[in-house]
Amino acid sequence: MQPFVLYNSEQRKKVEFVPRRPGQIDMYVCGMTVYDYCHIGHARVMVAFDYIIRFLRSQGWNVRYIRNITDIDDKIIKRANENNESIQELTARFIDAMNQDAAQLGCAEPDESPKATEYIDQMQAMISTLVDKGTAYPATNGDVYFEVNKFEKYGRLSGRKLEDMQAGASERVDVEVEKKHPFDFVLWKHAKENEPSWASPWGNGRPGWHIECSAMSTCCLGNHFDIHGGGSDLTFPHHENEIAQSEASTGEQYVNYWMHVGFINVDGEKMSKSLGNFFTIRDVMDKFHPEVIRYFIVSSHYRSPVNFSDTALKEAKTALSRFYHAFKAYEQVFGQTKTSHLEQTYVERFNTAMRDDFNTPEAMAVLFELIRELNRAVKEEQSDLATTLYSTLRALTDILGLVQHHVDDFLKSTIGHEDSGLSDSEIETLIQQRADAKKAKDFAGADAIRKSLLDSGIVLEDTRQGTVWRRAD
């Protein structure tokens, strides 16, 4: 089997991937802080790691995939207070919403979704180890800080040097009097009035954000595992701090490979609530089919920044529709007949692209070649070839989690379309009336019905099996 390479953010280059245990890959991905609906940036992380894991499993690896849930955090506390509801009610509601959004986008559930509040004891144990080793210190106010100067390799993931960061730090960082160094970060926060807290050796309080992922990942996967992933925005300080506290605590290398998903810009600008260009997944699904959103994400390389816009999504819809049209054309002639015999030339080219740091743009180019060949084989009624190509295209799109809906359900979907004012049965009735008009040689009447439907956003296609319809792109 050809080598598999991925871009390791820590080494800043593509390297050959070698799992710690043959046939087994352990992966942890930073999940969501559940105080609001997930936004389109979250969708990119969800979808990217979903198709990455699908591909790894298709290659025979057993993948254990952990994605955490942050269910205690300053923003969560603030939002619960604003809503006059309990933190548990708030987080349960948005965990459900997150899972619904992920399912709509075609993402399989992680093998485990640990919640921060379920691992408080493990976080305290890790903090105690760091204090005992002298790499963390309790402050007089009840906070506990990690001392960055005690970890020699601090900055190796982000490429930052402490001495460079310290220069002018007083202008950029709020230097708390309790800290020994401006970049020391909090492991345990002392309890504030009317905030949730847990008893600890340092007084009542709650964990800092960074320690949560170190405790959950090592508890689920062990002190040393294969891949840690997340959004690019987490590289510093979150992932940098995870490395420092984890390795200082265990004395082992924390992670072998770091993977980071690129940013999503909106109409050329970074997505931000303050700029008014912030979109939740649900906002976008009101206008576009969920699989169009998934296609938009899959078609770009996971590390590259992408520009999110209505135009880009419309282009994604048009491109995705080509798959559905190809499948429809085949199924009208041959039904859903499939074969286990796949066209290996395309399979190998697809795998070659994906084994090169999950190069989905190149993989998609292979799939579009397949579409062209499938359409040609169907048109020429080459039954065996068409069945092989159809089966191959089905298998490869399944790996990417695409074309997962019934052909007619997708092509006739009303999402993002203005209401035509016609029900499916009314459309079928008009199609029959058009057929009757053509049979009676009333071609003007037949054309008038066709134009009337087109004006309502309904496109008719005449095939040997009869007339079919879809909503206009």
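Structural remarks
For (1) charged (D, E, K, R); (2) farther than 27 Å from S300 by Cβ; (3) touching a Pro at 6+ places or on another chain (Cβ under 7 Å); (4) not in a helix (DSSP H, G or I), each residue gets a yes or a no:
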{"site": "H181", "(1), (2), (3), (4)": "no, yes, no, yes"}
{"site": "E195", "(1), (2), (3), (4)": "yes, yes, no, yes"}
{"site": "G203", "(1), (2), (3), (4)": "no, yes, no, yes"}
{"site": "E212", "(1), (2), (3), (4)": "yes, yes, no, no"}
{"site": "A215", "(1), (2), (3), (4)": "no, yes, no, no"}
{"site": "C219", "(1), (2), (3), (4)": "no, yes, no, no"}
{"site": "G229", "(1), (2), (3), (4)": "no, no, no, yes"}
{"site": "E252", "(1), (2), (3), (4)": "yes, yes, no, yes"}
{"site": "W258", "(1), (2), (3), (4)": "no, no, no, yes"}
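- Filtered residues of segment 108-125 (kept if hydrophobic (A, V, I, L, M, F, W, C) and open to solvent by less than 20 Å² (accessible area, probe 1.4 Å)): A116, I120, M123
- Among the residues making up segment 126-136, those that are touching a residue at least 12 places away in the same chain (Cβ under 8 Å) and out of contact with any helix residue (DSSP H, G or I) (no Cβ under 7 Å at 6 or more places or on another chain) are S128, V131.
- Qualifying residue in segment 336-358 (condition: of a type in the set (S, T, N, Q), within 28 Å of the chain's Cα centre (by Cα), modelled with pLDDT of 95 or more and open to solvent by 50 Å² or more (accessible area, probe 1.4 Å)): yes
- Restricting attention to segment 202-244, the residues being of a type in the set (S, T, N, Q) and farther than 21 Å from K150 by Cβ number 4.
- Among the residues making up segment 81-106, those that are open to solvent by 20 Å² or more (accessible area, probe 1.4 Å) and assigned to a loop (DSSP other than H, G, I, E, B) are N84, E85, S86, G106.
- Selection within segment 55-74 - among the charged types (D, E, K, R), under 30 Å from R349 (Cβ atoms) and buried (at least 16 other Cβ atoms within 10 Å of the Cβ): R64
- Looking only at segment 251-271, residues that are open to solvent by 40 Å² or more (accessible area, probe 1.4 Å) and either among the β-branched types (V, I, T) or touching a residue at least 60 places away in the same chain (Cβ under 8 Å) (or both) come to 1 in all.
- Residue check for G230: open to solvent by less than 50 Å² (accessible area, probe 1.4 Å), touching a Cys at 6+ places or on another chain (Cβ under 6 Å), among the small types (G, A, S) and at pLDDT 95 or above: yes
- Residues of segment 129-147 satisfying the condition of being over 28 Å from E10 (Cα atoms), open to solvent by 30 Å² or more (accessible area, probe 1.4 Å) and at pLDDT 95 or above: D132, P138
- Residues satisfying the stated conditions in segment 336-384, i.e. charged (D, E, K, R), more than 30 Å from R12 (Cα to Cα) and not in a helix (DSSP H, G or I): K338, E343, E380, E381
- Candidates in segment 148-157 are the residues that are in contact with a His (Cβ under 7 Å, 6 or more places away or on another chain) and surrounded by 20 or more Cβ atoms within 10 Å (Cβ to Cβ); of these, the one that is farthest from M126 (Cα to Cα) is L157.
- Residue check, A444 of a type in the set (G, A, S), surrounded by fewer than 18 Cβ atoms within 10 Å (Cβ to Cβ) and outside any strand (DSSP E or B): yes
- Tabulated pairs, segment 237-250, first open to solvent by less than 10 Å² (accessible area, probe 1.4 Å), second of a type in the set (S, T, Y) and part of a helix (DSSP H, G or I), C-beta under 7 angstrom, 6+ apart or interchain: E242/S214; Q245/S214; S246/S214; S246/T218
- Of all residues in segment 199-222, those satisfying the criterion of being open to solvent by 40 Å² or more (accessible area, probe 1.4 Å) and either over 30 Å from W258 (Cβ atoms) or basic (K, R) (or both) are A199, P201, W202, N204.
- Test: residue in segment 66-74 that is part of a helix (DSSP H, G or I) and within 29 Å of the chain's Cα centre (by Cα): yes
- Selection from segment 276-298 of residues that are open to solvent by 40 Å² or more (accessible area, probe 1.4 Å) and part of a loop (DSSP other than H, G, I, E, B): G276, F278, F279, D286, K287
The values are calculated or read from the model by the stated rules, or taken from the named source; none is laboratory data. Just so it is clear, the model here is predicted, and its values are computed rather than measured. All Cβ positions, glycine included, derive from the backbone under ideal geometry; neighbour counts span all protein chains shown. These accessible areas exclude ligands, DNA and RNA; they are computed on the full protein's heavy atoms, side chains included. Shrake-Rupley method; radii C 1.70, N 1.55, O 1.52, S 1.80 Å.
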